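To start, the structure under review is shown below, and the notes come after it.
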Amino acid sequence: MLVEVNIKNFAIIDDVNINFTKGLNIMTGETGSGKSILVEAIGIILGSRSSKDLIQTGSNKATLQGVFYLEDTSSLKDVLSDYSIKLDPDNLLIVTKEINIDGPSLSKINGRSITVSMLKEITKKLVDIFGQHEHQSLLDSSNHKTLIDNFGDERLIELKFKLEEEYKKMIELKKTFNSLDTDSSQRNREIDLLKFQIEEINEASLEGENEEKLLNEYARLSNINMIVSSINKTIEYISEDEFESSNALDLVNKSLVLLKDISEHDIEIEELSKRLESISFELEDFSRGLVDYSNGIETNEGRLNYLNERISLIHSLKRKYGASISEILNFRDESQKRLSVLENYEVEISKINKEISEVEEELNYYSEELSKSRKTIANLIENKIKSQLNQLNMINVDFKVDFSRKKEFTKDGYDKIEFLISTNPGESLKPLSRIASGGEMSRIMLAFKSTLAFFDKIPTMIFDEIDTGISGRTAQIVGEKILKISLDHQVICISHLPQIAALADTHFLIDKSSDANKTRTSINKLTEDERVEEMARILGGVDLTDTTLKHAREMIEMSKKIKKTID
């Protein structure tokens with residue numbers, strides 16, 4: 001569960017620390033007090049997109065942190081291991097988000113830096129947030145298939161995986177088919193082009209060719225005069241005799257004589273003398289090597305011309321077919337395969353059509369199996385949601401998951417799924433998008449969340465003003481439903497209705513204050529007396545009277561009795 005949230009320098013929140021409890025956590029406050037900012041902050045902790053605009057004016061960064069206690073680590077054990085994230089000894093998971101004004105946003109779990117996608121994969125198993133945007137998600141029929149699949153088991157997941165693999169095969173086969181499905185004149189033009197390209201590459205005889213060696217030899221031959229001059233000059237400096245001039249070898253040998261003359265007086269000089277003698281031998285050998293190299297140099301204009309033409313040919317082919325000799329040869333090999341296919345057009349088309357038929361059979365099989373699984377789930381969901389809606393004072397509501405078949409296969413089957421509902425007896429089933437009442441939509445979404453809570457193991461559920469559009473007895477029923485969910489899940493609920501607030505196990509007040517320079521939001525856990533005052537404010541507005549205070553106490557006491565019956 002979510003045990004603590006820390007928010008610093010975020011929008012109008014200076015520095016807030018919230019300690020949530022098990023059961024039902026209710027958060028109330030006046031309009032504009034910062035309730036939506038709190039939900040946004042928690043969403044960012046869980047992996048939602050952040051913005052530098054949310055950093056408080058005058059600050060360099062905003063810091064958001066959520067501390068989660070994992071009563072059961074089994075659902076996260078593998079993914080945490082994959083990302084090398086360690087739980088602390090108390091099974092705490094600390095998620096930190098830093099939004100920096102001069103740099104990228106940073107996410108960490110237990111001190112380990114992670115990407116947003118990694119964060120989402122982990123936190124989706126920790127918290128489920130219902131906000132106003134989910135109304136729109138539920139109204140959009142394109143999301144209904146995904147909602148059904150969310151209730152699926154491992155077999156459904158496996159079917160979707162296999163189906164997607166077959167669909168990828170189908171896409172590739174159709175691409176190949178379309179590349180072949182041309183008229184004969186166009187096909188013949190491509191055949192002629194391929195033959196020309198293959199022949200041009202083959203005539204170059206590039207197999208075994210080493211471009212680097214060619215370039216090196218060309219560089220040597222094209223600069224042969226400079227090479228000869230430099231080598232001869234080097235030989236002259238090392239060993240050739242010139243009048244009134246000493247070469248390097250002579251100077252070394254003269255130095256050697258001097259050292260030998262004094263070596264009998266110092267054993268260390270004798271050792272140095274031997275080293276210089278070795279250098280003398282090496283210098284003589286080096287000089288002979290240079291002479292041999294110089295004597296072997298020949299000017300070969302014919303070879304130079306050949307190399308020039310060869311290098312130019314390779315460069316020309318590289319411009320057309322690839323950045324290296326290996327890429328050119330690979331282009332030729334692929335062209336040869338394509339040519340073979342085009343020259344055997346009828347055979348290849350027949351082969352691809354056969355493969356497409358085989359893949360379509362697999363697609364049809366997996367799509368049928370997937371559809372059966374979805375219909376089983378849909379039947380269960382229909383009954384569950386109708387029961388939930390009935391409990392939420394939507395009597396005689398008919399709810400149906402409608403299946404129709406698409407004309408073509410998709411990566412997740414051929415099912416087209418849409419949720420239909422009739423809210424009054426005698427009315428025909430209609431798409432959810434045609435429901436006008438905000439109160440009805442709130443209860444329908446709560447029914448979905450209650451059903452989801454029945455299936456999944458997500459420990460924390462957050463409801464952001466799920467009570468929109470309801471009041472009176474319906475509000476009481478909705479509150480009791482949320483309370484029932486909180487028996488098995490931690491629930492954090494932002495509400496503006498006293499019927500729901502009265503049921504809280506823990507009650508927080510979100511308050512906004514302003515001075516000449518700054519507006520700030522505070523979030524405080526209420527004592528019993530403070531809670532009565534806040535309930536009275538919700539009931540009667542700003543002015544607290546004895547009547548509203550009495551009514552508030554009565555609602556809280558009544559809620560305690562209701563909670564005992566639900567337990």
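The values are calculated or read from the model by the stated rules, or taken from the named source; none is laboratory data. Just so you know, these numbers come straight off a predicted model, no measurement behind them. We place every Cβ from the backbone using ideal geometry, glycine too, and count neighbours over all the protein chains shown. Just the protein is used for accessible areas: all its heavy atoms, side chains included, with ligands, DNA and RNA removed. Shrake-Rupley method; radii C 1.70, N 1.55, O 1.52, S 1.80 Å.
Quick rundown of the values:
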quantity	calculated
Residue check, Phe151 assigned to a helix (DSSP H, G or I), closer than 23 Å to Thr376 by Cβ and either open to solvent by 20 Å² or more (accessible area, probe 1.4 Å) or in contact with a Gly (Cβ under 6 Å, 6 or more places away or on another chain) (or both)	no
Single residue of the range 196-248 satisfying the filter (over 22 Å from Gly296 (Cα atoms) and hydroxyl-bearing (Ser, Thr, Tyr)) that is modelled with the highest pLDDT	Ser205
Subset of the range 1-42 that is surrounded by fewer than 17 Cβ atoms within 10 Å (Cβ to Cβ) and acidic (Asp, Glu) - its residue that is nearest to Leu92 (Cα to Cα)	Glu4
Residue match in the range 364-384 (condition: out of contact with any Leu (no Cβ under 8 Å at 6 or more places or on another chain), surrounded by fewer than 19 Cβ atoms within 10 Å (Cβ to Cβ) and hydrophobic (A, V, I, L, M, F, W, C))	yes
Any hit, the range 112-124, residues being at pLDDT 90 or above, open to solvent by less than 30 Å² (accessible area, probe 1.4 Å) and farther than 26 Å from Asp464 by Cα	yes
Number of the condition not met by Ile94 [criteria: (1) open to solvent by 40 Å² or more (accessible area, probe 1.4 Å); (2) not in a strand (DSSP E or B)]	(2)
Given (1) open to solvent by less than 30 Å² (accessible area, probe 1.4 Å); (2) under 41 Å from the mean Cα position of the chain (by Cα), index of the condition Glu534 fails	(2)
Subset of the range 196-231 (residues that are touching a helix residue (DSSP H, G or I) at 6+ places or on another chain (Cβ under 6 Å) and either free of Cβ contacts under 8 Å to residues at least 24 places away in the same chain or farther than 30 Å from Leu317 by Cβ (or both))	Ile231
Close pairs (9 angstrom Cβ cut-off, 6 or more residues apart or separate chains): within 14 Å of Thr410 (Cβ to Cβ) in the range 153-168, of a type in the set (Gly, Ala, Ser) and in a helix (DSSP H, G or I) anywhere	Leu159/Ser367; Leu159/Ser373; Leu163/Ser367
Residue among Ile477, Ile494, Ile470 that alone is closer than 25 Å to Arg531 by Cβ, open to solvent by less than 30 Å² (accessible area, probe 1.4 Å), hydrophobic (A, V, I, L, M, F, W, C) and in contact with a strand residue (DSSP E or B) (Cβ under 8 Å, 6 or more places away or on another chain)	Ile494
Which numbered condition Ala552 fails, given (1) crowded, with 18+ Cβ neighbours inside 10 Å; (2) more than 22 Å from Leu452 (Cα to Cα); (3) under 38 Å from the mean Cα position of the chain (by Cα)	(3)
Odd one out for Gly322 among (1) at negative phi; (2) open to solvent by less than 90 Å² (accessible area, probe 1.4 Å)	(1)
Test: residue in the range 158-180 that is open to solvent by 30 Å² or more (accessible area, probe 1.4 Å) and in a loop (DSSP other than H, G, I, E, B)	no
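One line per residue, one yes/no per condition, for (1) touching a residue at least 24 places away in the same chain (Cβ under 8 Å); (2) part of a strand (DSSP E or B):
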{"site": "Ser522", "(1), (2)": "yes, yes"}
{"site": "Glu530", "(1), (2)": "no, no"}
{"site": "Glu533", "(1), (2)": "no, no"}
{"site": "Asp543", "(1), (2)": "no, no"}
{"site": "Thr547", "(1), (2)": "no, no"}
{"site": "His551", "(1), (2)": "no, no"}
{"site": "Met555", "(1), (2)": "yes, no"}
{"site": "Met558", "(1), (2)": "yes, no"}
